[in-house]
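Student: Could you have a look at this structure, given as structure tokens, before my questions?
The values are calculated or read from the model by the stated rules, or taken from the named source; none is laboratory data. Small disclaimer: the values here were computed from a predicted structure and weren't measured. Using ideal geometry, Cβ is built from the backbone for each residue, glycine included, and neighbour counts are taken over all protein chains shown.
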Amino acid sequence: MEEPAAFERLVYKNASNFHYMKICLVLENGSRNIEAAQFKQLIVSGLRQLYGEVGAAFPFDLLKFDPGTLTGILRVYNSGLVKLWSALTLIGSYQNELCAVRVTQVSPFLLALSGNSRELELDQASPTGEKLLLT
Amino acid sequence: MSPELEKCSRSLLVCEKSNFTKEKSRYDIHVSKHYFNYKVSIVIPECASLPASIAGVINSFNSYYRVRDLPIYKLLEEEFLEKVVKKGQFYALSYNTRIDEDNTIAFLPSGQLILSVDKDTYEQLGLEGKPSQYKHRKVLRYVVTIDLTDKLMSPGAKRYQRLITSLKEWVPIKCDLMISSKMTAEEDGGVLQNLLSQYSFEEHRPTLHTHTLKEMPCPSLHSTDRHGDEKSCDPHHFLEWLGAVSMDISSDNEASSFLSTYVCPDPQSLMSHGLLCTVTGFLIPEDIYSLLLELRRYFDEPKFTSWLSMTVHGFVDSPVSWGTTEHGFLKSGENFYNFVCFRNQDYWLHMATGSHDGCPP
């Protein structure tokens, strides 16, 4: 058996290099088929429109995209958060159709995006017992 | 480009490393002081299905109630106060209220009532409170903290009468509440059930989901690592990986990929399968502590993995994070903690808060 570890306590302030955003594309005429690459290209073009080629030249990741609900999770360096968020806010159209990007959640911790208590719905009494989703 | 555009709001992550069997370790206090919990996520590498013992503990979690339009003063009436609120096992939090916009009410098991209210409500209430610590230029939010166990707040006392008058006549605050009490009907004399039956309410059970993780890279962790060692990945990368697992985010991308360059942090190993289990609801610390004890027992028999992880997310709209430390919501209201439990009963505890929060304990 290994020896118990010695006590250690560290406090990190602003130590995360990234911010994570959960966003949703809302189209005027309802949903349509959009691929992940097209969604990312929409955001890149929004950045270029607002900040130009040089200003928009910072990387961000589309960690996940759900084509059914048009929701995505982005990862961006802290220094690019304000620029990315402002560009998302001003995206107004996709292929000549009016649209808007809703920012649902922003956090320096990706883990926090998986536990948003504002999604808790208690309007119907939940069935007793468990739901098993084994895939 | 203006440097102002590159600034971000503050976040804090406290990382504690110790052993469960050490007398001085305070993990139990950290769990018990985090009163309002929304979700528990468990990740166990090399585990195909939820062990029966852990499922049993989750099935014994307390039920909770959602009561509609309950006048707050009803929870302060003498009988309810003496038989339920002051007994140390009563939790209540306003449902569907946003801490940055709405009036929020919370009852702590320590017998304290927290009212986080806007300026107008505070002035009409006429109760003694403090401006919120998280203000910009003007004070728009006030926090009233009332210790109901104080002698000066005992039924019949002047300050108690004033509190009742404020909440009953001056500003009759009514809201939907989530309520959980560890006491049975026999222990509290049926007082809680009696109160609930006067209003519209539903009983809820915590919701359990399980998901099997297929072959995927997984961080290697060693409990003997100290800060600066490279045998394990650093806390931020590990928490990022946990977030990726929880949300089914791919972690084997190429560096040249257009969509995402996210990869599992190094050092890593290949996990043939794993278990992701989440429990959601209005969860109380006592239940989470029981679950943690059961997870520690997972290693009583030999297992392929040397570690497992439990993450607990707090309510983003709770007026407190740990204890009575004020909690707010700027861009996000995260207040979560994560245990990594090792085979030899060592643990790592990561506690994270956002910008409108005090430092975790």
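Student: Consider B:SER269 against the criteria (1) over 26 Å from the mean Cα position of the chain (by Cα); (2) part of a loop (DSSP other than H, G, I, E, B): it satisfies all of them except one. Which criterion is unmet?
Tutor: (2)
Student: Here's a follow-up. When you go through B:SER41, B:SER11 one by one, which is the residue that is in contact with a Lys or Arg (Cβ under 9 Å, 6 or more places away or on another chain) and facing another protein chain (nearest Cβ under 9 Å)? Before you say what the answer is, go through the steps one by one.
Tutor: Values: B:SER41 fails: in contact with a Lys or Arg (Cβ under 9 Å, 6 or more places away or on another chain).
Criteria check complete, one pass: B:SER11.
Student: Still on this structure, I have one more. Could you tell me whether B:MET247 is in the same structural domain as B:PRO51 (by TED's automatic domain parsing), closer than 20 Å to B:THR224 by Cα and among the aliphatic types (A, V, I, L, M)? Before the answer, list the steps.
Tutor: Values: in the same structural domain as B:PRO51 (by TED's automatic domain parsing): yes; closer than 20 Å to B:THR224 by Cα: no; among the aliphatic types (A, V, I, L, M): yes.
Considered against the rule, which asks whether it is in the same structural domain as B:PRO51 (by TED's automatic domain parsing), closer than 20 Å to B:THR224 by Cα and among the aliphatic types (A, V, I, L, M), B:MET247 comes out as no.
Student: Could you tell me how many of the residues in segment B:53-69 are more than 21 Å from the chain's Cα centre (by Cα) and either charged (D, E, K, R) or at pLDDT below 95 (or both)?
Tutor: So the first thing to find is which residues in segment B:53-69 are more than 21 Å from the chain's Cα centre (by Cα), and the list is B:53, B:56, B:68-69.
When the remaining residues are screened for being either charged (D, E, K, R) or at pLDDT below 95 (or both), the result is B:68-69.
The total comes to 2.
Student: Would you confirm whether or not segment B:194-211 contains a residue that is closer than 12 Å to B:PHE80 by Cβ and not polar (S, T, N, Q)?
Tutor: From segment B:194-211, those closer than 12 Å to B:PHE80 by Cβ are B:194-196, B:198; that's our starting set.
From what's left, not polar (S, T, N, Q): B:195-196.
Within segment B:194-211 (the criterion being closer than 12 Å to B:PHE80 by Cβ and not polar (S, T, N, Q)), the answer is yes, since at least one residue qualifies.
Rundown of residues vs (1) crowded, with 24+ Cβ neighbours inside 10 Å; (2) within 12 Å of chain A (Cβ to nearest Cβ); (3) of a type in the set (Ser, Thr, Tyr); (4) not in a strand (DSSP E or B), yes/no style:
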position	(1), (2), (3), (4)
B:LEU275	no, yes, no, no
B:TYR289	no, no, yes, yes
B:ARG296	no, no, no, yes
B:THR324	no, no, yes, yes
B:LEU330	no, yes, no, yes
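Student: A further question follows. Quick check on my filter: what residues within segment A:91-118 are more than 25 Å from B:GLU6 (Cβ to Cβ) and assigned to a strand (DSSP E or B)?
Tutor: A:SER93, A:TYR94, A:GLU97, A:LEU98, A:CYS99, A:ALA100
Student: Only residues that are more than 9 Å from chain B (Cβ to nearest Cβ), more than 11 Å from the chain's Cα centre (by Cα) and among the polar types (S, T, N, Q): list them for segment A:58-82, please.
Tutor: Listed by number, the list holds a single entry, A:THR69.
Student: With the structure loaded, tell me whether A:VAL26 is under 17 Å from the mean Cα position of the chain (by Cα), at the interface with chain B (Cβ under 10 Å from one of its Cβ atoms) and among the β-branched types (Val, Ile, Thr) or whether it fails that test. Before you say what the answer is, go through the steps one by one.
Tutor: Working: under 17 Å from the mean Cα position of the chain (by Cα): yes; at the interface with chain B (Cβ under 10 Å from one of its Cβ atoms): no; among the β-branched types (Val, Ile, Thr): yes.
In short, no.
Student: Let me ask something else about it. Which one of these does B:ILE72 not meet: (1) touching a residue at least 24 places away in the same chain (Cβ under 8 Å); (2) over 30 Å from B:LYS331 (Cα atoms); (3) in the same structural domain as B:THR184 (by TED's automatic domain parsing); (4) not acidic (Asp, Glu)?
Tutor: So B:ILE72 meets the others, but not (2).
Student: Moving on. Which number in (1) of a type outside the set (Asp, Glu); (2) surrounded by fewer than 19 Cβ atoms within 10 Å (Cβ to Cβ); (3) closer than 16 Å to B:ILE105 by Cβ marks the one condition that B:MET183 misses?
Tutor: (3)
Student: On to the next question. Going by the structure shown, is A:ALA6 exposed (fewer than 13 other Cβ atoms within 10 Å of the Cβ) and closer than 30 Å to B:PHE342 by Cβ?
Tutor: On the way: exposed (fewer than 13 other Cβ atoms within 10 Å of the Cβ): yes; closer than 30 Å to B:PHE342 by Cβ: yes.
Taking the combined requirement at face value, the residue satisfies it.
Student: Quick one: count up the residues across segment B:189-222 that are of a type in the set (A, V, I, L, M) and either more than 14 Å from chain A (Cβ to nearest Cβ) or outside any strand (DSSP E or B) (or both).
Tutor: Count: 5.
Student: From the list B:ARG98, B:ARG159, pick out the single residue that is among the basic types (Lys, Arg) and without any contact (Cβ under 8 Å) to a residue 60 or more places away in the chain.
Tutor: B:ARG159
Student: Quick check: is even one residue across segment B:243-252 in contact (Cβ under 8 Å) with a residue 60 or more places away in the chain, part of a helix (DSSP H, G or I) and over 30 Å from A:PRO59 (Cα atoms)?
Tutor: So in segment B:243-252, the residues in contact (Cβ under 8 Å) with a residue 60 or more places away in the chain come out as B:245-246.
Filter once more, so that each one left must be part of a helix (DSSP H, G or I): B:245-246.
Retained after the next criterion (residues that are over 30 Å from A:PRO59 (Cα atoms)): none.
No: zero hits.
Student: Further, regarding this structure: Could you list all residues from segment B:347-361 that are surrounded by 23 or more Cβ atoms within 10 Å (Cβ to Cβ) and within 8 Å of chain A (Cβ to nearest Cβ)?
Tutor: Scanning segment B:347-361 gives B:ALA352, B:GLY354.
Student: With the condition kept exactly as written, say whether any residue in segment B:269-282 is among the polar types (S, T, N, Q) and modelled with pLDDT under 95.
Tutor: Keep residues of segment B:269-282 that are among the polar types (S, T, N, Q), which gives B:269, B:272, B:278, B:280.
Checking the rest, the ones that are also modelled with pLDDT under 95 come to B:269, B:272.
Checked segment B:269-282: at least one residue is among the polar types (S, T, N, Q) and modelled with pLDDT under 95.
Student: Take the residues of segment B:239-262 that are surrounded by fewer than 18 Cβ atoms within 10 Å (Cβ to Cβ) and closer than 24 Å to B:TYR337 by Cα: which is nearest to the other protein chains (Cβ to nearest Cβ)?
Tutor: This residue is B:MET247.
Student: Can we say B:GLY314 is assigned by TED's automatic domain parsing to the domain that holds B:TRP241, at positive phi and out of contact with any Asp or Glu (no Cβ under 7 Å at 6 or more places or on another chain)? Walk me through it before giving the result.
Tutor: Numbers: assigned by TED's automatic domain parsing to the domain that holds B:TRP241: yes; at positive phi: no; out of contact with any Asp or Glu (no Cβ under 7 Å at 6 or more places or on another chain): yes.
No; evaluated as a whole, the condition is false for this residue.
Student: From the list A:LEU50, A:LEU74, A:LEU88, A:LEU10, pick out the single residue that is touching a residue at least 24 places away in the same chain (Cβ under 8 Å) and either at positive phi or assigned to a strand (DSSP E or B) (or both).
Tutor: On the way: A:LEU50 fails: either at positive phi or assigned to a strand (DSSP E or B) (or both); A:LEU88 fails: either at positive phi or assigned to a strand (DSSP E or B) (or both); A:LEU10 fails: touching a residue at least 24 places away in the same chain (Cβ under 8 Å).
Answer to the selection: A:LEU74.
Student: Follow-up. Look at segment B:336-346 and say how many of its residues are part of a strand (DSSP E or B) and within 9 Å of chain A (Cβ to nearest Cβ). First the steps, then the outcome.
Tutor: Of all residues in segment B:336-346, those part of a strand (DSSP E or B) come to B:336-342, B:346.
Restricting the remaining residues to those that are within 9 Å of chain A (Cβ to nearest Cβ) gives B:336, B:338, B:342, B:346.
Summing the residues that are part of a strand (DSSP E or B) and within 9 Å of chain A (Cβ to nearest Cβ) in segment B:336-346 gives 4.
Student: Tally time: how many residues in segment A:83-120 are facing chain B (nearest Cβ under 10 Å), exposed (fewer than 14 other Cβ atoms within 10 Å of the Cβ) and in contact with a helix residue (DSSP H, G or I) (Cβ under 9 Å, 6 or more places away or on another chain)? Even if it seems obvious, please write down each step before you answer.
Tutor: Step one: filter segment A:83-120 for residues facing chain B (nearest Cβ under 10 Å), giving A:83, A:85-86, A:103, A:105-120.
Filter once more, so that each one left must be exposed (fewer than 14 other Cβ atoms within 10 Å of the Cβ): A:119.
Next, from what is left, pick out any that are in contact with a helix residue (DSSP H, G or I) (Cβ under 9 Å, 6 or more places away or on another chain): none.
Selection size over segment A:83-120: 0.
Student: In addition: What helices (runs of 4 or more DSSP H) lie completely within segment B:1-83 and have 1 or more residues being surrounded by fewer than 15 Cβ atoms within 10 Å (Cβ to Cβ) and of a type in the set (A, V, I, L, M, F, W, C)? Step through it out loud before you land on a result.
Tutor: Numbers: elements: B:27-32, B:52-59, B:78-83.
Helices (runs of 4 or more DSSP H) meeting the threshold: B:27-32, B:52-59.
Student: Quick check: is even one residue across segment A:37-60 surrounded by 19 or more Cβ atoms within 10 Å (Cβ to Cβ) and under 25 Å from B:GLY354 (Cα atoms)?
Tutor: Yes, some residue in segment A:37-60 is surrounded by 19 or more Cβ atoms within 10 Å (Cβ to Cβ) and under 25 Å from B:GLY354 (Cα atoms).
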